[in-house]
Amino acid sequence: MPNNTDTQKKLYIKTWGCQMNVYDSSRMADILRPLGYAQVDEPDGADMMILNTCHIREKATDKVFSEIGRLKKHKDEKEAKGGKMLMAVAGCVAQAEGDFILKRAPAIDMVFGPQTYHELPEMVLKANGNERVVNTEFPSVTKFDTLPEEQNQGAAAFLSIQEGCDKFCTFCVVPYTRGAEYSRPVDKIVDEAKRLVDNGAKEITLLGQNVNAYHGESKDGKVRGLGQLIEEISGINGLQQIRYTTSHPRDVDQELINAHRDVEKLAPFLHLPVQSGSDKILKVMNRKHTADRYREIIAELRAARSDLVFSSDFIVGFPGETDQDHEDTMQLIRDVGFASAYSFKYSARPGTPAANMTNLVREDVKSARLLELQNLVTEQYLEFNQASVGKTMSVLFERKGRYEGQLQGRTPFYQAINVPANDRLLGEFVDVEITEATANALVGEVKIIENIAKSA
Ligand code: 5AD
Ligand code: SF4
């Protein structure tokens, strides 16, 4: 949580993109805290501003430059008053563009990639000495070995267990910006999970770009997969719910399926991106599985835990995608049924193999396919959400709601929910009866209050 006193230097971090970036931003704040930086919510008057960027969206680099242009006025204002503001670009755009950012944006003092955050103190020292810093190495001493201890993240905490990706899907920049797959050792993760729980975490989300490719070493020298890691973490007293994201169908192994069967604390929700339902497109995407294999994995997981629900990512309009290929994707969606989904029009990312492919799909065709797909998945979420009405679920209240007297949280199935509730329930798992549903969110009523009222 941002806090700040006058004697502290103000740190403003703006974050784009995935949970991994949100997590990285909080770790950057942890590293900078001993140097006297306290996080603030507004850029105005900050002593350091970090733009933690994401490269996955279209025109990501252009968007970063326009954001630099917009935020630079705070630096100019501060300098006009004789002050100093360090301005940095971090994250995947920093990794991909490096020097180019320094050349094009004179306001920027530091550019550093996701694997170098632990070197921030040295970078800040240099930048304070008016040296412009670019750091896009993949250092041999990993940041995981040197980052300071995890700070209190509240009731719903994130824990990074794996980073990078060796899959090389032909459309994706991640293997280039985040580098090769790396799994943290089991003991370090378990220790960190215990610390998070000691500091109030009730739910932990295990994070990784390719989280179920996890293969970390344990004390006995043996390598453990994600299923075993989840089993081990589930033994921590006080931890009530475990999630993991983002996973790849290829790495769903029997142990992970068993974990869904055996570990009650593992939430009944799984984000398992498939991208396409056409075998031809899956092949050119280098996804290394067929649509039927995806259906089988879903069936195996559902057999292990019958209430498990799925969400996915889809790309429409990949080069060479025909109407029939798109229809195959629609059929896969009908067959599986998703509780939520993210869908994107394909767009080329420089440096990826797909960027050189021909047989491009016209923009208007992509837009029509996207709309059709989104309509279908919206129907599916609405159906799923409506089927929740009348049920009672254990909701973790993560934050205050948009309206006074409301709290916001998630059901075990990752549905967003707003509930009229007392602030003292913030950070607690509470039984909530679902009363209303839209495609985006649920509304519910706290059950516990009634019991307290009755027993009072
Ligand atoms: N074009 C469109 N969508 C993409 N994604 C990744 N790269 C691209 C691209 N070049 C989507 C995928 C991935 C999600 C995080 O972003 O669906 O799962
Ligand atoms: Fe990108 Fe594919 Fe790796 Fe996911 S599995 S991060 S889409 S290369």
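Derivation of every value follows stated rules applied to the coordinates shown; laboratory data play no part. On a predicted model such as this, the values are computed, not experimentally measured, just so you know. Backbone-built Cβ (ideal geometry, glycine too); neighbour counts: all protein chains shown.
The table below lists the values:
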| item | result |
| --- | --- |
| Disulfide-incompatible cysteines by the Cβ rule (no partner under 4.7 Å) in the chain | Cys18, Cys54, Cys92, Cys165 |
| Dimensions in Å of region 260-349 - Rg and Dmax from alpha carbons | 13.8, 43 |
| Candidate aspartates and glutamates for bridging to Lys84, where Cα separation is under 13 Å - those fewer than 8 sequence places away on the same chain excluded | Asp44, Asp47, Asp76, Asp109 |
| Three principal axis lengths of region 195-352 [C-alpha, angstrom, descending] | 52, 37, 28 |
| Kirkwood Rh (inverse of mean 1/r, distinct Cα pairs), region 70-111, angstrom | 10.9 |
| Eligible aspartates and glutamates near Lys400 by straight Cα distance, threshold 12 Å, same-chain separation 8 or greater | Asp423 |
| Cα gyration tensor shape of region 32-92, rounded if a/c is under 1.5, else prolate or oblate by comparing a/b with b/c | oblate |
| Of Lys167/Lys283; Lys265/Lys288; Lys103/Lys366, pairs whose Cα-Cα distance is over 24 Å | Lys265/Lys288; Lys103/Lys366 |
| DSSP bridge orientation in region 192-279 - percent antiparallel, rounded to nearest 5 | 35 |
| Filtered GluC sites (Glu not before Pro), region 45-130: DSSP coil and at most 14 other beta carbons within 10 Å | Glu58 |
| Amide H contacts under 5 Å for Glu398, placed H, 5+ residues apart | Gln408, Gly409, Arg410, Gly427 |
| Of Gly91, Thr246, Gln386, farthest towards positive along the dipole that unit charges on Lys, Arg, Asp, Glu beta carbons give the chain | Gly91 |
| In region 225-283, trypsin sites (Lys or Arg not before Pro) in a DSSP loop with at most 11 other beta-carbon atoms within 10 Å | none |
| Calculated from backbone phi, Karplus (6.51, -1.76, 1.60) coupling profile of region 214-231 in Hz, x at Gly/Pro | 3, 8, x, 7, 9, 4, 6, x, 7, 9, 10, x, 5, x, 5, 4, 4, 4 |
| Reciprocal mean inverse distance between Cα atoms of region 10-135 - Kirkwood radius, Å | 14.3 |
| Sparsely packed trypsin sites (Lys or Arg not before Pro) within region 177-228, loop by DSSP, other Cβ within 10 Å at most 12 | Lys219, Lys222 |
| Using θ = phi - 60° and Karplus 6.51 cos²θ - 1.76 cosθ + 1.60, couplings along region 383-393 (whole Hz; Gly, Pro as x) | 4, 5, 5, 5, 5, 7, 4, x, 8, 10, 10 |
| Separation in nanometres of the label points that stand 7 Å from Cα toward Cβ, at Lys63 and Phe100 | 1.6 |
| When each of Lys73/Lys126; Lys14/Lys391; Lys63/Lys188 is checked by Cα-Cα distance, pairs over 28 Å | Lys14/Lys391; Lys63/Lys188 |
| Value of Rg/Rh across region 319-447 [Cα atoms, Kirkwood radius] | 1.14 |
| Label zone at Thr358, where the point sits 7 Å out along the Cα-to-Cβ direction: region 297-329 residues whose backbone N lies under 14 Å | 320 |
| Inter-probe distance in nm under a simple model that places probes 7 Å from Cα toward Cβ, at Glu404 and Glu217 | 5.8 |
| Loop-exposed chymotrypsin sites (Phe, Trp or Tyr not before Pro) per DSSP, neighbour cap 16 Cβ within 10 angstrom, longest uninterrupted part of the chain | 169-402 |
| Cross-link partners of Lys219 among aspartates and glutamates (Cα-Cα below 12 Å; sequence separation of 8 or more within a chain) | Asp187 |
| Residue-wise HN-Hα coupling along region 266-278, computed from phi with Karplus coefficients 6.51, -1.76, 1.60 (Hz; x: Gly, Pro) | 6, 4, x, 9, 9, 8, 10, x, 10, 6, 7, x, 9 |
| Principal axis dimensions, largest first and in whole angstrom, of region 323-383 by Cα | 40, 21, 19 |
| With 10 Å bins from 0: P(r) over the chain, alpha-carbon pairs, percent | 4, 18, 27, 28, 18, 4, 0, 0 |
